[in-house]
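Colleague: Okay, handing you the structure first.
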């Protein structure tokens, strides 16, 4: 089995490699053709390429319309228009290639469990780069900083911040900020100075680098990359505090690094001799302004976004897009104002998530989540792959053993020293100190990634003559950290026995007590008369609830959002889903009523299997007698369906026919919408007038089944009597759906057509069945006439059953399109029949009050 | 630091208190100052009204329960020793302190913290959280945001989650078990009491 699988995987890999080679050869040969045709290669302009996520070395300049000869001798049938589509085509092709590579990476889980995906992608990138190198003899595709910073990075940062667990983040904000700001400055300063000291000591031979350039290099190499870190830590599942520390640090650290880089870059441009105390002070001031300005700009955009989503009710289809557009604008605006773009988009995502999620439609929230993951994951894949592809290039490789090895060493060592130093300081103030083991993992998790490379590639060769050395060193650091540290991270975490994330089931009692603990702590702080963390938390919560939510949230979203209740709701939904899927797996899911309204009885007669699905419930229930324990889902179900009982054991005692029973009942009573409604295309709505139809149809069926049962009892009196109905033959007349047309079917004369026309397919099946009273689906939406655990229809009991009129007994008026006229609005005009009147009012009553006045339970009997 | 020792000397049995609670002298002094500030009439003990005067506490949905926790049954007052001992529940657990093998369980141990939380629910002190008791807490904490029926079903579900012996109530043992995965040391500790 295993070998089979492996064989097929191997076969697939071979095919895939072939395909990749074909794609690349194709794209390069396309280019070759066009070059021959006469376009002029204008060489590199790596900063002006705009629309591409990755760069092509050929410039489109001058060749966009040069391929078609201006003078033609004959009419061409088709022409080769490579240059028209070259850039977008290559982009699309590369995206496809990258994602196919990810597919290959994920094929074998034995590999990904050892080597993290990011490392694998880089290695695949080496291979691809090699193929391109072989074809072109030069690296034509590489990661260009502009593309990286404008088209690949924003969505990753936005995704990370939008999905940030806010509470955890803000409760550890102090530690995160210390590590991100001071830690980064520490790394930059120490690595830079140590390298410079070694250079002065003669460890690197002769290089044309001054102390400022070393500091600049130190700044760019200290960018701990969130992309790489998340990619690795997601697979390791460390405990949440450690996770948020590493994750939050790497996210904010990027912003800080870029700011720091810019400051040092300006210093380098200024030149050593002209730097005095005032300039240094200005540099520090600029650092603060850029970092905090970017953050505040992001918060501003978050407010804007939240306000926007307050009023997007009527454009639900595109409201999800606002998150992306406004987020991207936050990034670009910050870039325009030379504030920190990364910090801007980070804080935009973190701050808006709560309000946006509350304001938008649930479907839009899901859309945002999925689209964001798609974009982030997609560009992450491309980044890593291109980090690999970029490496296969002789131009950038400058080897200086001393410089490279010392950089690796210092980056590693100063990260460890910094982490321990700052954590030691933090632990003096933290309630729960960060453990030594966690500190080890934190310092080991300092993976460098594409941000560092992007910054290195941005260096100006005029100012920094050793740019290529810096790029190659950065690449080596990236490969070293992502691949080697990435691979060893998991064993390290296991070996150190780092506290893993406890995967626990959601429990109401835990959430309840957490809430209680918060109150207790706040109260005790009050009693102690000290202003502590809880005081701040509570003060903020109150402020947020009273003012911010009021401003940024829809009034509708503000209500009904108690956290505990939503947990409760979620748990119940989970149970219901489990219940249904388990029931379906078992092949028997019979619904029935019980006396107590609105109870779901989770006692399963197939206890053992079900215990897997809902252990905590089963433990409690396993010893119970039938039907003793009910737990109510009143609150959820109440609004829509007043009385549903999902009761299995009650039926299973009776006979073995329940599967079929349930099947037929479902088929009979569930709404099946007509096909042609499904095919309507609309750009702004998903489903049109389906709802109205559904209600109508349900109403009609309800009426019909009522009348059927009524008729049967009228005629035969015995409820268990066969009701064999007219079927098939009457499929003569198709009604235009949803349109009670004016052609007018006469009042009671079209019994047969009625049965056939509205629900043709279903009817032909279920009409052959017979019905007994006593079991089955009882859902008032579908079946209005129900009650009776006593198993007898209301008119047999001496209750206030409706006596049919003479006319009703003579001609049963059950044409669906007639019945439609019985809808509340139309009663007065159309129906003069007292029976129908009474009938409708009964039905309405049930719909409105969710009462259970009269019930007929129906089930087929097979004899 | 002369004032420190002189304040300490005014408190009777301060050594025993420090031994039992693990508070440092600085903590004791701070709490003593607070105690005196709350005890406006200088009687040397506090009564529920003194706690009620704390404005923020009055707004706390379970504030009266927490006040109630300071008063042992039948007593109308709380003296400084009891006051400190109650607050000692919220001292973070210190791992560095060597454990003496035969010393009694410290007040800030996990199970004592849990006991404190448990008794806030268990107002009739029968060792069990009944459905009604839980419902009352829920009502005060969730307030107007959910309907009574929803509250009841939440209470039912909560009890059912924890209830192992199926007596429709949560005993302390069940309470402790159901919160096994919660980091109580973290959740029931206040930083400045360390």
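The values are calculated or read from the model by the stated rules, or taken from the named source; none is laboratory data. These figures come from a predicted structure and were not determined experimentally. Heads up, the Cβs are rebuilt from the backbone with ideal geometry, glycines too, and the neighbour counts pull from every protein chain shown.
Colleague: For the stretch A:97-211, which helices (runs of 4 or more DSSP H) that fit wholly inside it have 1 or more residues that are surrounded by fewer than 19 Cβ atoms within 10 Å (Cβ to Cβ) and out of contact with any strand residue (DSSP E or B) (no Cβ under 9 Å at 6 or more places or on another chain)?
Modeller: Working: elements: A:109-112, A:117-136, A:153-162, A:166-171, A:173-177, A:184-200.
Filter on the stretch A:97-211 gives A:109-112, A:117-136, A:166-171, A:173-177, A:184-200.
Colleague: Against the definition (outside any helix (DSSP H, G or I) and crowded, with 19+ Cβ neighbours inside 10 Å), how does residue A:531 come out, yes or no? Break it down stepwise before answering.
Modeller: Working: outside any helix (DSSP H, G or I): yes; crowded, with 19+ Cβ neighbours inside 10 Å: no.
No; evaluated as a whole, the condition is false for this residue.
Colleague: Being surrounded by 20 or more Cβ atoms within 10 Å (Cβ to Cβ) and at the interface with chain A (Cβ under 7 Å from one of its Cβ atoms) is the filter here, so list the residues in the stretch B:172-186 that pass it.
Modeller: Residues satisfying the conditions are B:178, B:179, B:182.
Colleague: Right, here's the next one. Just wondering, is there one or more residues in the stretch B:163-171 that are more than 9 Å from every other protein chain (Cβ to nearest Cβ), in a helix (DSSP H, G or I) and more than 22 Å from the chain's Cα centre (by Cα)? Quick ask: steps written out before the conclusion?
Modeller: Within the stretch B:163-171, the subset more than 9 Å from every other protein chain (Cβ to nearest Cβ) is B:165, B:167-169, B:171.
Keeping just the survivors that are in a helix (DSSP H, G or I) gives none.
No, the stretch B:163-171 contains no residue that is more than 9 Å from every other protein chain (Cβ to nearest Cβ), in a helix (DSSP H, G or I) and more than 22 Å from the chain's Cα centre (by Cα).
Colleague: While we're looking at this one, here's another question. Checking residue A:468 against (1) more than 14 Å from chain B (Cβ to nearest Cβ); (2) in a helix (DSSP H, G or I); (3) free of Cβ contacts under 8 Å to residues at least 12 places away in the same chain, only one condition comes out false. Which one?
Modeller: Going through the list (1) more than 14 Å from chain B (Cβ to nearest Cβ); (2) in a helix (DSSP H, G or I); (3) free of Cβ contacts under 8 Å to residues at least 12 places away in the same chain, residue A:468 breaks only (3).
Yes or no, residue by residue, for (1) closer than 18 Å to residue B:114 by Cα; (2) within 17 Å of the chain's Cα centre (by Cα); (3) modelled with pLDDT under 80; (4) surrounded by 13 or more Cβ atoms within 10 Å (Cβ to Cβ):
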residue: B:1; (1), (2), (3), (4): no, no, yes, no
residue: B:7; (1), (2), (3), (4): no, no, yes, yes
residue: B:31; (1), (2), (3), (4): no, yes, no, yes
residue: B:53; (1), (2), (3), (4): no, no, yes, no
residue: B:79; (1), (2), (3), (4): no, yes, no, yes
residue: B:85; (1), (2), (3), (4): yes, yes, no, yes
residue: B:90; (1), (2), (3), (4): yes, yes, no, yes
residue: B:97; (1), (2), (3), (4): no, no, yes, no
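Colleague: Then there is this: Enumerate the pairs (first residue in the stretch A:530-547 and away from chain B (no Cβ under 13 Å); second residue anywhere and surrounded by 13 or more Cβ atoms within 10 Å (Cβ to Cβ)) with beta-carbon separation below 7 Å, excluding pairs fewer than 6 apart on the same chain, so at least 6 apart or on different chains.
Modeller: Taking only residues 6 or more apart or on different chains, not a single pair turns up.
Colleague: For the structure I just gave you, tell me whether residue A:426 is within 14 Å of chain B (Cβ to nearest Cβ) and in a helix (DSSP H, G or I). Steps first, please.
Modeller: On the way: within 14 Å of chain B (Cβ to nearest Cβ): yes; in a helix (DSSP H, G or I): yes.
It is true that residue A:426 is within 14 Å of chain B (Cβ to nearest Cβ) and in a helix (DSSP H, G or I).
Colleague: Now for a separate question. If you check B:115, B:136, which single one turns out to be more than 8 Å from every other protein chain (Cβ to nearest Cβ), more than 19 Å from residue A:508 (Cβ to Cβ) and assigned to a helix (DSSP H, G or I)?
Modeller: Values: B:136 fails: more than 19 Å from residue A:508 (Cβ to Cβ).
Exactly one residue qualifies, and that residue is B:115.
Colleague: Shifting gears a bit: How many of the residues in the stretch A:267-286 are loosely packed, with under 10 Cβ neighbours inside 10 Å and in a helix (DSSP H, G or I)? If you could, list the steps in order and put the result at the bottom.
Modeller: The initial filter retains those residues of the stretch A:267-286 that are loosely packed, with under 10 Cβ neighbours inside 10 Å, namely A:273-274, A:276-278.
Filter again for in a helix (DSSP H, G or I), leaving A:273-274, A:277-278.
Residues flagged as loosely packed, with under 10 Cβ neighbours inside 10 Å and in a helix (DSSP H, G or I) within the stretch A:267-286 amount to 4.
Colleague: Here's a follow-up. From A:518, A:460, grab the single residue that is within 14 Å of chain B (Cβ to nearest Cβ) and touching a helix residue (DSSP H, G or I) at 6+ places or on another chain (Cβ under 9 Å). Walk me through how you get there before you give the answer.
Modeller: Numbers: A:460 fails: within 14 Å of chain B (Cβ to nearest Cβ).
Exactly one residue qualifies, and that residue is A:518.
Colleague: Give just the number: which of (1) more than 9 Å from chain A (Cβ to nearest Cβ); (2) modelled with pLDDT under 80; (3) assigned to a helix (DSSP H, G or I); (4) crowded, with 19+ Cβ neighbours inside 10 Å does residue B:144 not satisfy?
Modeller: Failed condition: (4).
Colleague: Right, something else. Would you pick out the residues in the stretch A:297-340 that are touching a residue at least 24 places away in the same chain (Cβ under 8 Å) and not in a helix (DSSP H, G or I)?
Modeller: Within the stretch A:297-340, A:312, A:337, A:338, A:339, A:340 meet the criteria.
Colleague: Would you confirm whether any residue within the stretch A:216-235 is more than 22 Å from residue A:176 (Cα to Cα) and at pLDDT 85 or above? Give the steps one after another, and end with the answer.
Modeller: Step one: filter the stretch A:216-235 for residues more than 22 Å from residue A:176 (Cα to Cα), giving A:216-217.
Now restrict to residues that are at pLDDT 85 or above: A:216-217.
Within the stretch A:216-235, one or more residues are more than 22 Å from residue A:176 (Cα to Cα) and at pLDDT 85 or above.
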